Amino acid sequence: MEPSCTFHPCDEAVIATNDDASDCKRCAVRLGYWKDDYIGYFVRNQDRKAPEINRGYFARVKGVEMCIERFLKKTDGNCQIINLGCGFDTLYFRLKDTTHQVKNFIELDFPTVTARKCYTIKRNKALLAKIHDEDGEVRLSTTDLHGPNYHLMGVDLRNLDELDNKLQQAEIDYNLPTIFLAECVLVYIEAQNCKNLLKWIAAKFSTAVFVNYEQVNMNDRFGEVMLNNLRSRGCSLAGVESCISLDTQIGRFLECGWSGSRAWDMVQIYQSISPAERQRVERLEMLDEGELLTQLFQHYCLVIAWIGELFQDIEIT
């Protein structure tokens, strides 16, 4: 196990990326890209984003949702979801409005982020009602929240002792099929710490799937501009070496003991969305140039990795 991790200089800038992503999702939802009745509780911002950004977030959300749908179908709800670097994601609340059920839903992020999320949930009855049921109480602290099958906890993912302790508090079952979700999370973790985390998960869980959305093709000119923009905001991509290509994305998991992995850039993911749905969102806003959107899509990817055999036949596109 690694020793306790201290606060890194760029952690504050990484934490701020949650607000940016949440603002973008809120804008896209307001414009009708997808339905989310809960994002408005966490984000009040009404700023309008560029059409390319809105469509990019649509592809991101839909791509992750496709993976979750396939996982829930395979496990018939006898599973756990662990959302790493969850930010203000509303997946738990949206799933409660569907027929899907899961045994346990765990969200993890920096304590400063989970404190804000806990505060928002605590002061909104509509959110609390989704977590609470007749059989169980909701326990709240400043940074952590525990319901009958929902757990939101502040933790540093670089500290594996702390992570293990938090998961035990959330009544984790290491033998239950588990899906890990990470949207632009691993890229902010130093390479060795990221390897330690992925190796630890591979060793602890008997059946697991990891869904990773983040940057790719970062060694070309467009990727260089993206990196410089992030660095100008104090955000160093500590794990960028794994974002050079789809092969390096896959290799990161295989080197850490995962059974297998596949990866697609967001051009492929967007094309895998049904034509009717693509036509619907493309009518929402006109694009001045399709080229910028294509470049954005070429520099983000969706990676699936698995432990065991449950998800080895995964096909997205």
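Where the second residue is open to solvent by 90 Å² or more (accessible area, probe 1.4 Å) and not hydrophobic (A, V, I, L, M, F, W, C) and the first is in contact (Cβ under 8 Å) with a residue 12 or more places away in the chain and on the phi > 0 side of the Ramachandran plot and lies in segment 229-240, which pairs have Cβ atoms under 9 Å and are six or more apart or on separate chains?
Filtered contacts from segment 229-240: GLY234/PRO9; GLY234/GLU12.
Taking the stated definitions as given, is SER236 closer than 26 Å to ILE15 by Cβ and among the polar types (S, T, N, Q)?
Against the criterion (closer than 26 Å to ILE15 by Cβ and among the polar types (S, T, N, Q)), SER236 qualifies.
Among the numbered conditions (1) open to solvent by 30 Å² or more (accessible area, probe 1.4 Å); (2) under 16 Å from ARG252 (Cα atoms); (3) not charged (D, E, K, R), tell me where THR207 comes up short.
Of everything listed in (1) open to solvent by 30 Å² or more (accessible area, probe 1.4 Å); (2) under 16 Å from ARG252 (Cα atoms); (3) not charged (D, E, K, R), THR207 misses just condition (2).
Among the residues of segment 277-297, count how many are within 21 Å of VAL216 (Cβ to Cβ) and buried (at least 17 other Cβ atoms within 10 Å of the Cβ).
4
Going through GLY32, GLY56, GLY85 one at a time, which residue ends up being touching a strand residue (DSSP E or B) at 6+ places or on another chain (Cβ under 9 Å) and farther than 29 Å from ASP164 by Cβ?
Criteria check complete, one pass: GLY56.
Report, by residue number, each residue of segment 97-127 that is more than 22 Å from the chain's Cα centre (by Cα) and in a helix (DSSP H, G or I).
Answer for segment 97-127, where residues must be more than 22 Å from the chain's Cα centre (by Cα) and in a helix (DSSP H, G or I): LYS122, LYS125, ALA126.
Looking at GLU107, GLU134, GLU162 in this structure, which one is crowded, with 22+ Cβ neighbours inside 10 Å and either modelled with pLDDT of 95 or more or over 25 Å from ALA238 (Cα atoms) (or both)?
Sole residue among the options that is crowded, with 22+ Cβ neighbours inside 10 Å and either modelled with pLDDT of 95 or more or over 25 Å from ALA238 (Cα atoms) (or both): GLU107.
Give the residues of segment 255-276 that are touching a residue at least 12 places away in the same chain (Cβ under 8 Å), in a helix (DSSP H, G or I) and surrounded by fewer than 16 Cβ atoms within 10 Å (Cβ to Cβ), sorted by residue number.
GLN271
Can you name the number of the only condition in (1) touching a strand residue (DSSP E or B) at 6+ places or on another chain (Cβ under 7 Å); (2) exposed (fewer than 15 other Cβ atoms within 10 Å of the Cβ) that ILE121 fails?
Every condition holds for ILE121 apart from (2).
Here is a yes/no grid of residues against (1) without any contact (Cβ under 8 Å) to a residue 60 or more places away in the chain; (2) open to solvent by 20 Å² or more (accessible area, probe 1.4 Å); (3) more than 23 Å from VAL303 (Cβ to Cβ); (4) assigned to a loop (DSSP other than H, G, I, E, B):
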| site | (1), (2), (3), (4) |
| --- | --- |
| THR17 | no, yes, no, no |
| SER22 | no, no, no, no |
| ARG26 | yes, yes, yes, no |
| GLN46 | yes, yes, yes, yes |
| TYR57 | yes, yes, no, no |
| GLU65 | yes, yes, no, no |
| ASN83 | no, no, no, no |
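Do we have LEU167 as within 23 Å of ASP20 (Cα to Cα) and modelled with pLDDT of 95 or more here?
In short, no.
The values are calculated or read from the model by the stated rules, or taken from the named source; none is laboratory data. Nothing here was measured: the structure is a model prediction, and the numbers come from that model. We place every Cβ from the backbone using ideal geometry, glycine too, and count neighbours over all the protein chains shown. Accessible surface areas use protein heavy atoms only, side chains included; no ligands, DNA or RNA. Shrake-Rupley method; radii C 1.70, N 1.55, O 1.52, S 1.80 Å.
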